[in-house]
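The numbers here are math on the coordinates, done by the rules we state, and not lab data. As the structure is a computational prediction, the values presented were derived from the model and not from experiment. All Cβ positions, glycine included, derive from the backbone under ideal geometry; neighbour counts span all protein chains shown.
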Amino acid sequence: MSTQVPVSSEVPEKGKTGFVALLGRPNTGKSTLLNTLLGCHLAAVSNKPQTTRKRMLGIYNDADSQILFLDAPGVHCAKIAIDEAMAQSVDRVLEDADLVICLLDPTREPGEEDHMAAELAGLCGKPTLLVLNKTDLATPVQQEASLAFYREILPGAESISLIATDSGSAGHLLQRIKELLPEGLFLFDRENLTDAYERDVAAELIREVLLEELQQEIPHSIAVVINFWKVAGDRIRIDATLTLEREAHKGIVIGQEGRMIKKIKRRSMQKISEFCGQKVELDLFLKILPNWRKQKNFLKEINLME
Ligand SMILES: Nc1nc2c(ncn2[C@@H]2O[C@H](COP(=O)(O)OP(=O)(O)OP(=O)(O)O)[C@@H](O)[C@H]2O)c(=O)[nH]1
Ligand SMILES: [Mg+2]
């Protein structure tokens, strides 16, 4: 599957290439930027922090480059096992990176999480580009304050301003990234968009709907696992389990006369169908596992932790 422009097979499979880490505190717009760069809704996005829970590779291809963008969870303080798992994922992404894009959100005053993100960028020793996002929302004073905060920890780091939702703006960033990356052989076929299975992307798209439809902590306390995936004729049959932490949340997720769960199902089918380019039939099952976010064994079972 690909949304990339088809490229002639005569084009050599080498050019500007490398892994580019998307680093930043939660909600800075990392996944939004990934989707805009790829021209495809691959990664879950929401206005709630801690949307991304694990690494997602997005492969950008054009005539003379293959850029391997690694979206990471937002950098935040680890309190429970799932936070540790997310921090582990950030570490892996930084290990793999040839270049680090450190995304800044100047609409929020810089704080501890920004400090952690900047320190991680500095400690990994990789070339780092400060990317000031949400410049459509932030005042010049806010933008200056945000950059000054990061430059205390990363002195001299080059910066670029951006609106991650705007493809023209992201295109300028892409040009600079290409200049900074080395020449090399491409690791992936040009038609590949990611190394994730479609079913893992589908689970993320269901989570995106949960984050959009459910309030406060509830969507954060739900794990989505695809239990069954079968292509049958012109459609994909999918069963997914939503693991909740509390019995009391069940009624909220189901809603009055089942209205909420029906909406979650309908919207999820629409998103998955758009991504896969096929009709989708989805059944959702609810399960309760108290405090699953604190249980390392369960996190390993659902591939959130190594
Ligand atoms: N106005 C505006 N909104 C943006 C921009 N970039 C991202 N957003 C919004 O910011 C919110 C967070 O975006 P995400 O892409 O989910 O942020 P993230 O950094 O991936 O967040 P985590 O996965 O939690 O770390 C969403 O509501 C986006 O629509 C931007 O440049 N301008
Ligand atoms: Mg994200």
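For the reader, a short list of remarks on this structure follows.
- Judged by the mean number of other Cβ atoms found within 10 Å, the most tightly packed of the peptides 265-277, 57-69, 283-295 leads the ranking 57-69, 265-277, 283-295.
- Each of the peptides 136-144, 81-89 was scored by the mean count of other Cβ atoms within 10 Å over its residues; in descending order, highest first, they stand as 81-89, 136-144.
- The charge dipole of the chain, taken about its Cα centre with unit charges on the Cβ atoms of Lys, Arg (+1), Asp and Glu (-1) only, comes to about 1180 debye.
- Region 150-306 - Rg and Dmax from Cα coordinates, angstrom: 20.0, 58
- Using the Cβ-Cβ distance between Gln295 and Asn227 with R0 set to 22 Å, the FRET efficiency from 1/(1 + (r/R0)^6) comes to roughly 0.70.
- Gain in span if fully extended, Ala148 to Asp96, counting 0.36 nm per residue against the direct Cα distance: 16.0 nm
- Listed peptides 237-246, 185-194 appear in the order 237-246, 185-194 once ranked by packing, highest mean of other Cβ atoms within 10 Å at the front.
- Residue (of Asn291, Ile236, Ile222) at the positive-pole extreme of region 198-301, dipole from beta-carbon charges: Asn291
- Cα radius of gyration and Dmax for region 14-185 (Å): 14.7, 45
- Mean separation of Cα contacts under 8 Å (6+ apart) over length of the chain, as relative contact order %: 19 percent
- If you take the Cα centroid of region 250-277 and the Cα centroid of region 96-162, the two points sit 36 Å apart.
- Region 215-277: relative contact order in percent, alpha carbon pairs under 8 Å with at least 6 residues between: 21 percent
- Extension gain, Glu179 back to Glu212 (0.36 nm per residue minus Cα-Cα distance, nm): 8.2 nm
- Rounded if a/c under 1.5, otherwise prolate or oblate - the chain, Cα gyration tensor axes: oblate
- Note on Lys54: lysines with a C-alpha under 19 Å away, same-chain residues under 8 apart excluded, are Lys30, Lys79, Lys294, Lys296, Lys300.
- Think of each Lys and Arg Cβ as +1 and each Asp and Glu Cβ as -1; about the Cα centre, that makes the dipole of region 198-269 roughly 360 debye.
- Three-way shape label, region 120-184, alpha-carbon gyration tensor, a/c 1.5: oblate
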